[in-house]
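The values are calculated or read from the model by the stated rules, or taken from the named source; none is laboratory data. This structure is a prediction, so every number in the text was calculated from the model and none was measured. Cβ atoms come from the backbone with ideal geometry, glycine included; neighbour counts cover every protein chain shown. Ligands, DNA and RNA are stripped out before the accessible areas are found, and what is left, the full protein with its side chains, is counted by its heavy atoms. Shrake-Rupley method; radii C 1.70, N 1.55, O 1.52, S 1.80 Å.
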Amino acid sequence: MNNEQLFLASSFDGREENSSKDLRGAFAKYLHYWPFFVLSVVIAFAIAFFYIRHTKPVYDIKAKLSIKDEKQASTDKDALEEMVTGSPKVIETEPEIIKSRPLIRQVVNDLQLWTSYKEITNYSNLDIYTTTPVNFKLISSTGGLTDHSLTVYIKNKNQFVLKRVNGDSPAFSFNDVMKNDLGSWTLTKTAYLDDYIGRTITINIQNPEDVVTNYQNGVIVTLNKTAPIIELELEDEIPERGKAFLVELIKAYKISSIEDKNKVTKSTMKFIDDRLQSLTGELTNVEKDVEGYKSSIGLTDISSKSKFYLDNVQSTDTRLNDVNVQLNVIEGIERYVNSPNNNETVPATLGISDPGLISLVDQLSKLQLQRDKLLATTPERNPIFDPLNRQISTTKTAIKANIAGIKASLISVQKQLNHYNSGFEASIKNIPGQERQYISIKRQQSIKENLYIYLLQKKEEISLSYASTLTGIHTVEEPYYVAPKSKKQVPYVLAFLLGLGIPAGFIYGRDLIRNRVVNRSEIESVTSVPIICELSQEKGKNNIVVLQKNAYAIGEQFRALRTSIQLLYQAKLSGRVSMFTSSVSGEGKSFVTSNIGATLAATNRKVLILEFDLRRPKISRIFNLDPLHPGLSDYLEGMATIDGIIQPSGIHKNLFVAGAGTIPDNPSELLESSELDLLINKLRTEYDDILIDTPPLHLVTDAMILSRVCDVTFYLVKQGYTDKTELKFIKQLFKDKKLPNLNIIFNGIQRSKYGYGYNYDNSYYTKDKVRKLLA
């Protein structure tokens, strides 16, 4: 025979365990709701099953690029290389350039990714990007593209029908130009058309800018500075589409890099072309001067002495010309950096030999180029220009400082060379005037020729760079993808955890919201009122449970309460008045009063229960007494005698009941009368125990009025029913000593539901019965 597990707690258990930490109790609490947990887990698993069945796998598409880190390359570049290549590439900015909207927008438009093709199968949309039977071609748009959907039924190899809410359209032929809110468009056939005859597909057109944003957020660009390698990653349900996107993105990035390099080279080419055009005219004029002068004087040769002076003067003039060229370039750069207008083209550093100035000017050119690129897509007042403008200002300041030193040095050299020329020219004065004049003209011709040849050479070298498509960007790994790993176990694990977590959280949250008293420690921590007994919840229909033969647990609990009452009264054996009250109705006052009365009567003590809940009496119903019989209200109003209101309980010879009687209009005023004191004093002499059942103390003051005639007060707190805020009310009553000898009875304990309580094995009581049955 299985042993029935019941709950029993007495005032002598001596346990000080914190029940909130009792794992077995917590488990028992949640086990009480096991159907809820089972249902929740089943629903969660069903959702996980449908999720896995209808969720398409997502592929991870990757690619790798190698970018030359120009900052780590040799800094020993000549003027031509610095002028053409510009400042070093800042590799840290390349990931952001790759993810920039202009590049993403170009790829989206080239691949027409703002159009998607889907087919409805098994209550889900199947993306048919790789097998679409038709291609949507937008010929002209009426405005900006907005979200739009076309439902197309493939009628046969040559015709299709547009399905609409208000009815299907007539059959159209492929390649026919259609017009609607989108603008002019057409549908063209693909190689997969035959497979879709008689089927319906959906063509979804999205706002291109929304698609650009989605791809900009979706593509992941990671920089490995030590390599340097840039890794591109994108997730897509259609791997072919993701692969095509990365291929086009890499292509667009390389082209953009070439265009940026050529923009700098083109600026230098323009400067050289302008200078060559100017020099061509000057050189022609000088050559004509030489030719005319020689014809006019018939000069055919120059003496050795004249040639010596001429060679020295030409050598000095060549150096002086270089100095003048550099001074002209320096002055051009100086005018640019002093100009408040940042939109002008940065002058070339042609002829400048100082590497520091060349580097600074080219760095300024690069910064100006970056600013021009941002101006193409961003308003000039955008805060993003602030750091760039500061860099430009800082670079200009550094150039000014550098120019000051270089210019001073060049002016000094210029003065020295002029001094040398003055000496040579003084010597030449001894030569006939005609010869001296010829040397002067010839010197100008030589200067112009040397400068012209130098610029032609630079132009050819820069032209080769302009035609080059090398960018320092190499594809290490072409875009690729692998089959996605199965993740079916993850939804099931999450479903299991959620299936248990949701009901557990609901139960826990409900308990927090309800804010009810659950365990003994909650009472003790707030009130400091002694808890005299704990009574388990009784679910039977009979209200008098202590006299039932099978009520072992609840019977022992009431016997323990009886013993505790004896200890409270100590030597006082008769005339004991005990009051039972609570904060609100429904906490078991009448039930406890009736059963403790029967328990006391069973020890041959004469017990009287007074039903002083004059508003909602229950004691008479518990003992099945006539509610119309005269009662306490009738006595207090002088309408009945003491003997006339007392009735036998009908369940024990020593237990008597005085009912509430007629429901009065003024119960509190009746209880204030002196007849109450006379009644209690009279009953003390005739009964051993007088038990008073009162209305809830927090609702009406009747119990407070009755306390003046009582010896002990028993305050009922019911598990899972009494609000925790009532404990502060009890604490205040105890502190103010408004109730005599206040004690708490913790009633309605349900271990299986709330996880608090102790197991009681009643096999001790049924052992002999089992033996008799087996005999």
What is the residue count in the range 371-400 for residues that are surrounded by fewer than 18 Cβ atoms within 10 Å (Cβ to Cβ), among the polar types (S, T, N, Q) and assigned to a helix (DSSP H, G or I)? 5
Does residue 167 qualify as being on the phi > 0 side of the Ramachandran plot, in contact with a Ser or Thr (Cβ under 7 Å, 6 or more places away or on another chain) and modelled with pLDDT under 90? no
When residues of the range 214-234 are limited to those that are of a type in the set (Val, Ile, Thr) and touching a residue at least 60 places away in the same chain (Cβ under 8 Å), the one farthest from residue 163 (Cα to Cα): 229
Please state which one of 683, 671, 691, 600 is surrounded by fewer than 20 Cβ atoms within 10 Å (Cβ to Cβ), aliphatic (A, V, I, L, M) and either in contact (Cβ under 8 Å) with a residue 24 or more places away in the chain or in contact with a Cys (Cβ under 8 Å, 6 or more places away or on another chain) (or both). 683
Long-range neighbours under 6 Å by Cβ, at least six apart or interchain, first residue hydroxyl-bearing (Ser, Thr, Tyr) within the range 515-534, second part of a helix (DSSP H, G or I) and surrounded by 18 or more Cβ atoms within 10 Å (Cβ to Cβ): 527/727; 527/730
Considering only residues of the range 699-720 that are surrounded by fewer than 16 Cβ atoms within 10 Å (Cβ to Cβ) and assigned to a loop (DSSP other than H, G, I, E, B), which is nearest to the chain's Cα centre (by Cα)? 699
For the range 39-65, which positions are surrounded by fewer than 16 Cβ atoms within 10 Å (Cβ to Cβ) and touching a Ser or Thr at 6+ places or on another chain (Cβ under 8 Å)? 54
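Let's see how each residue does on (1) at pLDDT 85 or above; (2) surrounded by 13 or more Cβ atoms within 10 Å (Cβ to Cβ); (3) out of contact with any helix residue (DSSP H, G or I) (no Cβ under 7 Å at 6 or more places or on another chain):
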position: 722; (1), (2), (3): yes, yes, yes
position: 726; (1), (2), (3): yes, yes, yes
position: 731; (1), (2), (3): yes, yes, no
position: 738; (1), (2), (3): yes, yes, no
position: 755; (1), (2), (3): no, yes, no
position: 765; (1), (2), (3): no, yes, no
position: 768; (1), (2), (3): no, no, yes
position: 773; (1), (2), (3): no, no, yes
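Taking the range 677-696 as the region of interest, how many residues are assigned to a loop (DSSP other than H, G, I, E, B) and either within 21 Å of residue 664 (Cα to Cα) or touching a Ser or Thr at 6+ places or on another chain (Cβ under 6 Å) (or both)?
Residues meeting the conditions: 4.
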Please find, within the range 176-199, the residue that is nearest to residue 160 (Cα to Cα) out of those that are in a strand (DSSP E or B) and open to solvent by less than 50 Å² (accessible area, probe 1.4 Å). 187
Picked from the range 127-174 (must be in contact with a strand residue (DSSP E or B) (Cβ under 8 Å, 6 or more places away or on another chain), free of Cβ contacts under 8 Å to residues at least 24 places away in the same chain and not small (Gly, Ala, Ser)), the residue most open to solvent (accessible area, probe 1.4 Å) is 164
With criteria (1) assigned to a strand (DSSP E or B); (2) modelled with pLDDT of 90 or more; (3) among the β-branched types (Val, Ile, Thr), residue 107 comes up short on (1)
Within the range 637-650, can you find the residues that are assigned to a helix (DSSP H, G or I) and either in contact with a Pro (Cβ under 8 Å, 6 or more places away or on another chain) or of a type in the set (A, V, I, L, M) (or both)? 642, 644, 645
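Conditions (1) out of contact with any Pro (no Cβ under 8 Å at 6 or more places or on another chain); (2) farther than 25 Å from residue 531 by Cβ; (3) open to solvent by less than 10 Å² (accessible area, probe 1.4 Å), marked per residue:
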| site | (1), (2), (3) |
| --- | --- |
| 571 | yes, no, no |
| 578 | yes, no, yes |
| 596 | yes, no, yes |
| 624 | yes, yes, no |
| 630 | yes, yes, no |
| 633 | no, yes, yes |
| 652 | yes, yes, no |
| 658 | yes, yes, yes |
State which residue pairs qualify: first residue without any contact (Cβ under 8 Å) to a residue 60 or more places away in the chain and inside the range 711-732, second residue open to solvent by 50 Å² or more (accessible area, probe 1.4 Å) in any location, beta carbons under 9 Å apart, and separation of 6 or more residues or different chains. 732/738
Long-range neighbours under 8 Å by Cβ, at least six apart or interchain, first residue under 26 Å from residue 357 (Cβ atoms) within the range 376-401, second open to solvent by less than 80 Å² (accessible area, probe 1.4 Å) and of a type in the set (Lys, Arg): 385/371; 388/371; 389/371; 392/371
Of all residues in the range 633-680, which are under 18 Å from residue 615 (Cβ atoms) and in contact with a Gly (Cβ under 6 Å, 6 or more places away or on another chain)? 633, 634, 645, 659, 660, 661
Residue by residue through the range 243-277, note down the ones that are open to solvent by 50 Å² or more (accessible area, probe 1.4 Å) and either over 30 Å from residue 459 (Cβ atoms) or in contact with a strand residue (DSSP E or B) (Cβ under 9 Å, 6 or more places away or on another chain) (or both). 243, 247, 251, 254
Of residues in the range 506-539 being modelled with pLDDT under 80 and open to solvent by less than 40 Å² (accessible area, probe 1.4 Å), the one nearest to residue 713 (Cα to Cα): 511
